[in-house]
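Worksheet: the structure to be examined is printed underneath.
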Amino acid sequence: MATTNDYIEQSVRMFPRTVARGIGQVMFQDSKWTGLLFLIGIFWGAYMEGIGLVAWGALIGVLVSTLTGYVLKLPDTGGANGLWGFNGVLVGCAFPTFLGNTVWMWIGLVICAMMSTFVRSGLDNIMKQWNVSSLTFPFVLSTWVFLLSARLFDGFPAVNMGTAEFPHGDHSVLDMQFWSLVVYWLRGISQVFLIKSWVAGLFFLAGLAVSNWRAAVWAAVASAVALMVAIVWKGPGTDISNGLYGFSAVLTGIALGATFCKPYLKTTIWCLLGIIITVFVQAAMNAFFAPMGLPTLTGPFCVTTWIFLFPAYRFFTDPSK
């Protein structure tokens, strides 16, 4: 019979691998090498963009959220595979991105990262009856709470949150040269971690390829399709160039194309439709939350993926149907 000391010893031994897997699980990859490449990409991109605090926030977030799972001894068999940590990584990216650098921001980050772990456990308990997971919604819900509170708490200076106003069109002109489009495409991938860096996007694609080539292909396809849809429908130029219409579509593409659905023609069409709809859900949620000045985070990905998974069509698992 395992003792408390045995549990602690095993947890300490597995902790580095669990943390790395937690970073990889942001894009559904149970691989420490994927997590390591993602972390390199986060640090590279954050320092290239002059926002190095985002990288350190990501590292603190995954450490805290993973430790929370161990301390609470959550009944979660996927904890050692990184499922306690991936929401915390995103919390850590979001806080320094949207809030000012104060000691209270960092304390809030730690609290929110802890919260994301048990919120995930609770939401999964509720949603398992529909055979779907909470995805990254624990991060979204927990972070929304703190970002909204920042509108009233001076200890959380909302220096980088959007102005609370009704949405209006952005008529800025996109640079449609080939290299510029490539940069926009790669930024759509890098923005999964709130990083606006085409180099980081390459690291993230490499990390996906190390674990699952199909996931890498769908991430690349999803960002390209989302970019095309946003351009054709004349979305906000600044947001398109910064990759802000790509990241939720990338997650949807990986979820439907390489994680929850079997790879054959029907689900390929299903996945492409999901990617396209994610762009419109992104725009709709952006418009809805604009009066609050609240970022949608990965909310559009969660909403769209649930919409496409809830029907539980038989062709998800049986290619003969």
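FYI, it's all coordinate maths here, none of it is from the lab. As the structure is a prediction and not an experimental result, all values here were calculated from the model. Neighbour counts are summed over all protein chains in view; Cβ atoms, including those assigned to glycine, are modelled from backbone coordinates with ideal geometry.
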Length gained when the stretch VAL145-ASN125 is fully extended (0.36 nm per residue, less Cα-Cα span): 5.1 nm
Summing -39500 (n - 2.57) over every DSSP H run of at least 4 in the chain, dividing by its residue total and rounding to the nearest 500, the 222 nm mean residue ellipticity is -21500 deg cm²/dmol
Per the Kirkwood definition applied to all pairs of different Cα atoms, how many angstroms is the hydrodynamic radius of the range 27-98? 12.5 Å
For the range 1-155, the Debye formula with one identical point scatterer on each Cα and no solvent gives log10 I(q)/I(0) at q = 0.12 Å⁻¹ as -0.49
Which lysines, on any chain, are close to LYS196 with Cα under 25 Å apart, when same-chain ones fewer than 8 places away are left out? LYS32, LYS234
For Rg/Rh (Cα atoms, Kirkwood Rh), calculated from these coordinates, the label among (1) 1.02; (2) 0.96; (3) 1.06: (2)
Just grab the label-to-label distance for MET176 and VAL199, each label 7 Å out from Cα along the Cβ direction, in nm (one decimal). 3.1 nm
What ranking, highest mean first, results for peptides 111-117, 215-221 when packing means the other Cβ atoms within 10 Å averaged over each residue? 111-117, 215-221
Give me log10 I(q)/I(0) at q = 0.16, 0.26 Å⁻¹ for the range 176-245, Debye formula, one equal scatterer per alpha-carbon, no solvent. -0.48, -1.13
For the chain, calculate the relative contact order in percent as a whole number, restricting contacts to Cα pairs under 8 Å that are 6 or more residues apart. 17 percent
Starting from the 7 Å offset along Cα-to-Cβ, what nm value, one decimal, do you get for the label separation of MET14 and ILE307? 3.8 nm
Multiply the residue gap between PHE280 and LEU265 by 0.36 nm, knock off their C-alpha separation, and tell me the result in nm, one decimal place. 3.0 nm
Determine the relative contact order of the range 80-167: mean sequence separation of Cα pairs under 8 Å and six or more apart, normalised by residue count, in whole percent. 38 percent
For the range 165-321, what is the Kirkwood estimate of the hydrodynamic radius, computed as the reciprocal of the mean inverse distance between distinct Cα atoms, to one decimal in Å? 15.7 Å
If you build the convex hull over the alpha carbons only and average its shadow over all orientations, what do you get for the range 84-225? Give it in nm² to one decimal. 11.2 nm²
